[in-house]
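Structure first, commentary second.
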Amino acid sequence: MSKLSVVLPAYNEELMISGACRALRNTLEEADIVYELVFVNDGSSDHTWEEIKKEGKRDSRVGGISFSRNFGKEAAIYAGLAHATGEVIAVMDCDLQHPPQTLVEMYRLWEEGFEIIEGKKKNRGAENMLRKKSSRIFYRIMSGATGLDMENTSDFKMMDRKVAKSILSMPERNMFFRATTGWVGFRSTEVSFEVQERQAGRSKWSTASLIRYAFQNIVSFTTVPLQFVSMGGGICFVCSLILMFYSLIQFLRGHAVEGYTTTIMVLLLIGSAVMLSLGVIGYYVARIYEEVRHRPRYILSEVFRLEGHPDWNGNVTEKEERGE
Ligand code: UDP
Ligand code: MG
């Protein structure tokens with residue numbers, strides 16, 4: 001019987017840990033699936049880690065790792081994948097917004113031979129209009145830029161161990177998990193699920209952090225904004241040619257173009273276009289800088305009842321911890 005590892009990133013989720021364990025135990029035991037839970041405590045400031053250890057002492061199938069500080073959900077997912085030992089690995093939120101029942105459905109599809117099973121949101125849960133609109137814009141841009149259909153995707157996925165291995169082997173520090181599983185290929189399929197109401201605690205995303213997240217992911221996944229810069233340059237060039245001819249003709253006909261206002265306007269326009277483009281390029285340079293610094297994705301402070309998969313141990317986890 002193949003073991004399922006469920007990776008659960010948790011950041012200030014003390015209220016949800018035991019509930020998540022209970023719900024998963026009920027569902028997976030009923031479906032007769034052998035499993036382990038891999039909690040990743042993403043530097044919580046509440047008692048999340050204590051809760052995880054408490055659950056682990058009660059049930060040997062529950063283990064976890066703890067970060068030295070908050071490194072973000074992407075890093076938590078990566079660490080969870082590196083420490084999961086099952087033949088098949090699922091990633092889900094520990095606030096139970098991703099229904100455990102869907103895991104069973106995904107597992108059956110994996111047994112049928114699919115290697116990646118993506119969870120697709122049927123609805124977006126209880127979010128306000130502004131957030132819905134802005135996330136739609138973000139996904140439009142991402143879909144257009146990556147050529148993958150990103151709308152309604154989520155981080156709720158199940159994958160074969162070899163898929164996880166290929167994701168873990170990617171060297172980039174800024175990973176966008178959601179898009180990366182589409183990029184690696186393999187035999188994939190989708191399962192749609194209803195986003196549940198969060199039962200306790202609250203969402204970790206502020207509007208500012210979502211905007212930062214969106215920019216980061218667009219930049220880490222595509223270079224389309226850079227092409228916009230060249231396009232903008234091209235348009236500016238064409239406009240300046242037209243303006244040049246116009247002013248030259250006017251000059252030759254004996255009445256020069258109004259001097260000062262035109263000059264100021266053109267200067268300001270070009271100035272802001274150049275600054276904006278530099279900003280875009282600067283953003284990429286910053287990302288490149290971050291990548292070449294080669295800092296570890298996360299730093300572990302504690303590991304509880306998890307060994308890490310023997311294949312990956314020397315390969316990913318230890319290296320990460322040594323900071324290579
Ligand atoms: N999370 C995390 N690190 C963070 C932020 C969130 O590990 O820095 C986890 C969080 O504990 C939860 C999941 O990511 O299990 C989704 O977070 P949340 O429910 O706040 O997001 P939402 O469902 O509102 O999109
Ligand atoms: Mg949530």
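The values are calculated or read from the model by the stated rules, or taken from the named source; none is laboratory data. Since the model is a prediction, treat every value here as computed from it, not as a measurement. For neighbour counting, all protein chains shown are included, and Cβ atoms are generated from backbone atoms with ideal geometry for every residue, glycine included.
Taking the conditions exactly as written (within 13 Å of ligand 1 (Cβ to nearest atom) and in contact with a strand residue (DSSP E or B) (Cβ under 9 Å, 6 or more places away or on another chain)), does VAL195 satisfy them or not?
Yes; evaluated as a whole, the condition is true for this residue.
Please indicate, with yes or no, whether at least one residue in the stretch 200-221 is away from ligand 1 (no atom under 16 Å from the Cβ), closer than 20 Å to VAL7 by Cα, part of a helix (DSSP H, G or I) and among the hydrophobic types (A, V, I, L, M, F, W, C).
The initial filter retains those residues of the stretch 200-221 that are away from ligand 1 (no atom under 16 Å from the Cβ), namely 215, 218-221.
Applying the additional criterion that residues be closer than 20 Å to VAL7 by Cα yields none.
No, because not a single residue in the stretch 200-221 is away from ligand 1 (no atom under 16 Å from the Cβ), closer than 20 Å to VAL7 by Cα, part of a helix (DSSP H, G or I) and among the hydrophobic types (A, V, I, L, M, F, W, C).
I need every pair where a residue in the stretch 3-30 that is among the aromatic types (Phe, Trp, Tyr) has its Cβ under 6 Å from the Cβ of a residue that is surrounded by fewer than 22 Cβ atoms within 10 Å (Cβ to Cβ), sequence separation at least 6 or different chains.
Listed by first residue and then by second, the contacts come to TYR11/SER44; TYR11/LYS204.
Filter the stretch 168-186 down to the residues that are surrounded by 18 or more Cβ atoms within 10 Å (Cβ to Cβ), charged (D, E, K, R) and assigned to a loop (DSSP other than H, G, I, E, B) and list them by number.
ARG173
How many residues are in a strand (DSSP E or B), surrounded by fewer than 24 Cβ atoms within 10 Å (Cβ to Cβ) and within 16 Å of ligand 2 (Cβ to nearest atom) if we restrict to the stretch 58-98?
Counting residues in the stretch 58-98 that are in a strand (DSSP E or B), surrounded by fewer than 24 Cβ atoms within 10 Å (Cβ to Cβ) and within 16 Å of ligand 2 (Cβ to nearest atom) gives 0.
Out of everything in the stretch 187-235 that is among the small types (Gly, Ala, Ser) and within 16 Å of LEU276 (Cα to Cα), what residue ends up being surrounded by the most Cβ atoms within 10 Å (Cβ to Cβ)?
Among residues in the stretch 187-235 that are among the small types (Gly, Ala, Ser) and within 16 Å of LEU276 (Cα to Cα), the one surrounded by the most Cβ atoms within 10 Å (Cβ to Cβ) is GLY232.
Identify the residue in the stretch 1-30 that is more than 17 Å from HIS98 (Cα to Cα) and part of a loop (DSSP other than H, G, I, E, B) and, among all such residues, is modelled with the lowest pLDDT.
Across the stretch 1-30, the extreme among qualifying residues is MET1.
For the stretch 250-271, give me the residue count where each residue is loosely packed, with under 10 Cβ neighbours inside 10 Å, at pLDDT 85 or above and not hydrophobic (A, V, I, L, M, F, W, C).
Here the count works out to 1.
Six or more apart or on different chains, Cβ atoms under 6 Å: show the pairs whose first residue is in the stretch 66-77 and over 13 Å from ASN12 (Cα atoms) and of a type in the set (S, T, N, Q) and whose second is away from ligand 2 (no atom under 14 Å from the Cβ) and modelled with pLDDT under 90.
Within 6 Å, the pairs are SER68/ILE299; SER68/SER301.
Test each condition in (1) away from ligand 2 (no atom under 16 Å from the Cβ); (2) under 25 Å from LEU130 (Cβ atoms); (3) of a type in the set (Gly, Ala, Ser) for GLY233 and report the one that comes out false.
Going through (1) away from ligand 2 (no atom under 16 Å from the Cβ); (2) under 25 Å from LEU130 (Cβ atoms); (3) of a type in the set (Gly, Ala, Ser) one by one, GLY233 breaks only (2).
Just to check your reading of the model, which residue among VAL274, VAL285, VAL238, VAL292 is assigned to a helix (DSSP H, G or I), among the β-branched types (Val, Ile, Thr), surrounded by 13 or more Cβ atoms within 10 Å (Cβ to Cβ) and within 41 Å of the chain's Cα centre (by Cα)?
VAL274
Here is a check on your reading of the model: is PHE177 under 17 Å from PHE221 (Cα atoms), in contact (Cβ under 8 Å) with a residue 60 or more places away in the chain and within 16 Å of ligand 2 (Cβ to nearest atom)?
yes
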